[in-house]
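Bear in mind these aren't lab numbers, they're just calculated from the coordinates by the rules spelled out. Note that the coordinates shown come from a computational prediction; the quantities given were computed from them, not determined experimentally. Here the Cβ positions follow ideal geometry from the backbone for every residue, glycine too, while neighbour counts run over all protein chains shown.
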Amino acid sequence: MKKVKTIDLRVSIAGLELKNPVIAASGTFGYGAEYSGLAEPGDFGAIITKTVTLEPRPGNRPPRICETSCGMLNSIGLANVGFAVFREDKLPALIKKNTVIIANIAGNTIEEYVELAARLNKISDIPALELNISCPNVKLGGIAFGTDPASAAALTKAVRRAYKKTLIVKLSPNVSDIAGIARAVESSGADALSLINTLYGMAVDIKKQRPVLGNITGGLSGPAIKPVALYNLYKVHHSVKIPLIGLGGIMDHRDALEFMITGAAAVQIGTANFVNPSAVKDILSGLAGYCRENDITRIKNLTGILKC
Amino acid sequence: MMKKILQIKNAPILFHRKVSSCARHISLSLPAIAGTAEPGQFLHLRISSGSPSPLLRRPFSINDVQGDRVSILYEVKGAGTKLLSKMLPGETLDVIGPLGMGFDIDPQKREHLLVAGGMGLAPMGLLARSLKGMKLKPELLYGCRSSAELVKPGITGCQISSEDGSCGKKGLVTSLLLDRLRICRDPAVYACGPWPMLKAVAGICHKNNIPCQVSLESFMACGVGACQGCVVKNSDGNYVSVCDKGPVFNSRQIDWDQDCVI
Ligand SMILES: Cc1cc2nc3c(=O)[nH]c(=O)nc-3n(C[C@H](O)[C@H](O)[C@H](O)COP(=O)(O)OP(=O)(O)OC[C@H]3O[C@@H](n4cnc5c(N)ncnc54)[C@H](O)[C@@H]3O)c2cc1C
Ligand SMILES: Cc1cc2nc3c(=O)[nH]c(=O)nc-3n(C[C@H](O)[C@H](O)[C@H](O)COP(=O)(O)O)c2cc1C
Ligand code: FES
């Protein structure tokens, strides 16, 4: 009988070792405990927690979500419990799970980002940070830093000084030149990039002649944005040397493969968690199957093998 | 105790029939969920597995549980429910459940008034069954638009109202409630239906100092409290997620002055 070959699913992102390349995207897997019984934090290579800010935020007025063709709009508005509750109430349970924790942060000012980064630098159970400079649903902070190379660079530099572990910056597709932002962030000390966050979007209720979302506009995610995400990944892959984490509309292992082949060292899944909480397990077994069929023993060897 | 939430990828449809001009009743074989489901909880259905449209799951109250079978009662609203209405016995659905916090039953209360408007009838089947299981007597007050839309409730002790007077008493279900409250000694109210009806029922109960629980609706993505997409404003002015803190709330916890979110 032929032995089934085991595939090495481990990946490394700027020194951050993950047992597999599938990561839960910020804002879609809460703080890890919510999906109990459906998906476990330990299934993922890493969990990126919901964006946390210094103070709690209530978020935007509802309705906050709406389905659109092959995608969804959200205008959550970074509703979160604030750093103190995150550390005291949310983190202890997540630390016990067998996964890598990446904290995602946002602030209104550079000083707020730096303060959060400094506090996280001291938490040994969190080996990496993802800077959210790309949330389209808040007026201050977030995307204000992500659409201009100089602001993105200044923020990254300031956070880099306060944060000694793996620093990931999450980029927005709502820009004319994502490669320029990526280069600015790389030269300011980022260790890796995540891309993409959601695209600006909107939907109208024709019966009420009003926007569907309470916030009027929202961020588009899901299968609808996958081609945009791949294009952005492709562009950035040719512009920087630091590792890339790809996301945007990944629903199954074929989608994940497209991102890895295009240049992603790892992938994140967001909207897929809502649709199919076992997506992480399904994707991992699909990735292993693909590797077996194609005689690839280490999944990391897939990254960037795109033939053009 | 942690509540056990399951994803059943292939729940077979046992039967599926039209029960009024707009409503359908679908019964699923769900032994693992049937055992733990409580009245007021809901199922999150993926209507087209493998296709990106409709993408998100759709929430539906558990209508009833009999043995291994769990049923829902639904109305065709848009693309998702239209697709659902075409599914046949033998086909399967991807189900997550049981989700959310259901109705609390206070056995000390003398009268248990189940107030339903339209599809708000859905959770009342299992609620009535649970009340009877506790040797309590459910009384259903059920309002619909017309006799064509009336779903046979299958609950003994039922009063009906219709907006056009084609069945039961002409008018709104709130007038049935007001009539009934006049002769109640120590009632509890359980309500499900459109927001304006729930608001009116809550108003009546607050005025008369009667405990009232309402089952709310909201657009949902995760269904488990992770995304904060389904929130409503509570009476403290904070946002609470309907999927895990609700869908059933004490009516005093809700800010009834906010715009309806659906
Ligand atoms: C906890 C809960 C329990 C529910 N129980 C039932 C039930 O037992 N029976 C039943 O018929 N319906 C129930 N609903 C409503 C049901 O989920 C929606 O009617 C359904 O999602 C519509 O899907 P669609 O694709 O057909 O419509 P869509 O194309 O998505 O939308 C059509 C219209 O349906 C309405 N709608 C969409 N999503 C929701 C939603 N989540 N809640 C309410 N209205 C919505 C909107 O007004 C929208 O304009 C419940 C909703 C919630 C939140
Ligand atoms: C409901 C919802 C909430 C989100 N919240 C956050 C957040 O707090 N921080 C963040 O960086 N991204 C957030 N995102 C963006 C996702 O992490 C991800 O970048 C985006 O959804 C694209 O991936 P997907 O198509 O796989 O969902 C959110 C997305 C959704 C749908
Ligand atoms: S639907 Fe995600 S929190 Fe309620």
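Based on DSSP, what percent of beta bridges with both residues in the protein assembly as shown are antiparallel, to the nearest 5?
50
Apply the Karplus parameterisation 6.51 cos²θ - 1.76 cosθ + 1.60, with θ equal to phi minus 60°, to every residue of the range A:202-214 and state each ³J(HN,Hα) to the nearest whole Hz, in sequence, with x for glycine and proline.
So the Karplus estimates, Gly and Pro as x, are 7, 9, 10, 8, 6, 5, 8, 6, 9, x, 5, 7, x Hz.
How high is the FRET efficiency from B:SER146 to A:SER69, r the C-beta distance, R0 22 Å, rounded to 0.05?
0.05
Kindly state, to the nearest 0.05, the FRET efficiency for A:ALA84 paired with B:THR156, given R0 = 51 Å and r defined as their beta-carbon distance.
The computed FRET efficiency comes out at 0.45.
Put +1 on the Cβ of every Lys and Arg and -1 on every Asp and Glu Cβ in chain A; which of A:THR198, A:GLY249, A:PRO58 then has its Cα farthest towards the positive end of the dipole?
Of the options given, the answer is A:GLY249.
Against the longest alpha carbon principal axis of chain B, how many degrees, from 0 to 90 and to the nearest 10, is the axis of helix B:124-133 turned?
70
Roughly what % antiparallel, to the nearest 5, for the DSSP beta bridges in chain A?
40
With a cut-off of 12 Å, note down the residues of the range A:25-45 whose backbone N falls inside the zone around a label point 7 Å from the Cα of A:ASN98 toward its beta carbon.
A:41-44
Taking the simple approach of a point 7 Å from Cα along Cα-to-Cβ for both A:ASP295 and A:GLU111, what is their distance in nm?
6.2
Suppose a student asked you for the relative contact order of chain B, using Cα pairs under 8 Å spaced at least 6 residues apart; what percent would you report?
Contact order relative to length: 17 percent.
Counting partner chain Cβ atoms within 10 Å of every residue's Cβ in A:274-287, what's the average?
The per-residue average across the peptide is 3.
Nearest 5 percent is fine: what portion of the DSSP beta bridges confined to the range B:6-99 is antiparallel?
DSSP beta bridges in the range B:6-99 are roughly 95 percent antiparallel.
Please give the net charge around A:ARG10, taking every other residue with its beta carbon less than 11 angstrom from that of A:ARG10, where Lys and Arg add +1 and Asp and Glu add -1.
Every neighbour counted, the sum reads +1.
In whole angstrom, how long is each semi-axis of the equivalent ellipsoid of the range A:240-308, when you take the square root of 5 times every eigenvalue of its Cα gyration tensor and sort them from largest down?
For the range A:240-308, the semi-axes come out at 20, 16, 9 Å.
For B:MET134 and B:SER53 in one chain, what is 0.36 nm times their gap in residues minus the Cα-Cα distance, to one decimal in nm?
24.9 nm
Let's see if you can work this out: charge +1 on each Lys and Arg Cβ, -1 on each Asp and Glu Cβ, no other charges. What is the dipole magnitude of chain A about its Cα centre, in debye to the nearest 20?
280
Sticking with the crude label model, points 7 Å out along Cα→Cβ, report the distance from A:ARG161 to B:ASP236 in nm, one decimal please.
For A:ARG161 paired with B:ASP236, the spin-label model returns 3.9 nm.
Top mean-square fluctuation among B:GLY237, B:GLY78, B:GLY229, Gaussian network model of chain B, C-alpha springs under 10 Å?
Of B:GLY237, B:GLY78, B:GLY229, the most mobile in the Gaussian network model is B:GLY78.
Across peptide A:31-38, what mean number of C-beta atoms from other chains lies inside 10 Å of a residue's C-beta?
6
Tell me whether chain A comes out rounded, prolate or oblate; compute the Cα gyration tensor, take square roots of the eigenvalues as a ≥ b ≥ c, and use a/c under 1.5 as the rounded threshold.
rounded
Within 10 Å of each Cβ of A:72-80, how many other protein chain Cβ atoms are there on average?
Average neighbour count from other chains, rounded to a whole number: 3.
Between B:ASP257 and B:HIS206, what is 0.36 nm times their sequence separation minus the Cα-Cα distance? Round to one decimal in nm.
Roughly 16.9 nm would be gained on extension.
For the residues B:LYS152, A:LYS207, what sequence is obtained by ranking on other C-beta atoms within 10 Å, fewest first?
A:LYS207, B:LYS152
So what are the radius of gyration and Dmax for the Cα set of the protein assembly as shown, in Å?
25.2, 80
For chain A, modelled as a GNM with alpha-carbon contacts under 10 angstrom, which of A:SER134, A:SER151, A:SER26 fluctuates the most?
Largest GNM mean-square fluctuation: A:SER151.
Which three numbers, in whole Å and largest first, are the semi-axes of the equivalent ellipsoid of the range B:111-253 derived from its Cα gyration tensor as √(5λ)?
For the range B:111-253, the semi-axes come out at 25, 17, 16 Å.
Find which of B:PHE249, B:GLY154, B:LEU172 sits farthest along the positive direction of the dipole of the range B:111-253, computed with +1 on the beta-carbon of Lys and Arg, -1 on that of Asp and Glu, about the Cα centre.
Final value for the positive-end residue is B:GLY154.
Below 12 angstrom from the Cβ of B:LYS137, what's the summed charge of the other residues (Lys, Arg +1; Asp, Glu -1)?
+2
Using Cα pairs under 8 angstrom and six or more residues apart, how large is the relative contact order of chain A, in percent?
Normalised by residue count, the contact order of chain A is 20 percent.
Mind running the shape call on the range B:1-147? Use the C-alpha gyration tensor, a ≥ b ≥ c as the square roots of the eigenvalues: rounded below 1.5 for a/c, prolate if a/b tops b/c, oblate otherwise.
In terms of gyration-tensor shape, oblate.
Just grab the label-to-label distance for B:GLU91 and A:TYR231, each label 7 Å out from Cα along the Cβ direction, in nm (one decimal).
It is 3.5 nm.
Does anyone have the angle between helix B:195-207 and the longest principal axis of chain B? Alpha-carbon axes, 0 to 90°, nearest 10?
The helix B:195-207 is inclined about 40 degrees to chain B.
For the modelled label position 7 Å from the Cα of B:ASP186 along Cα-to-Cβ, which residues of the range B:117-148 have backbone nitrogen atoms closer than 17 Å?
Output list for this probe position: B:135-138.
Would you mind checking the tilt of helix B:173-182 against the longest principal axis of the Cα atoms of chain B, expressed as 0 to 90 degrees and rounded to 10?
Tilt relative to chain B: about 40 degrees.
What ranking do A:ASP255, B:ASP244, A:ASP148 get, fewest neighbouring Cβ atoms within 10 angstrom at the top?
A:ASP148, B:ASP244, A:ASP255
Using a/c under 1.5 as the rounded threshold, could you call the range B:92-150 rounded, prolate or oblate? The axes a ≥ b ≥ c are square roots of the C-alpha gyration tensor eigenvalues, and prolate needs a/b larger than b/c, oblate otherwise.
Taking the square roots of the gyration eigenvalues as a ≥ b ≥ c, the range B:92-150 is oblate.
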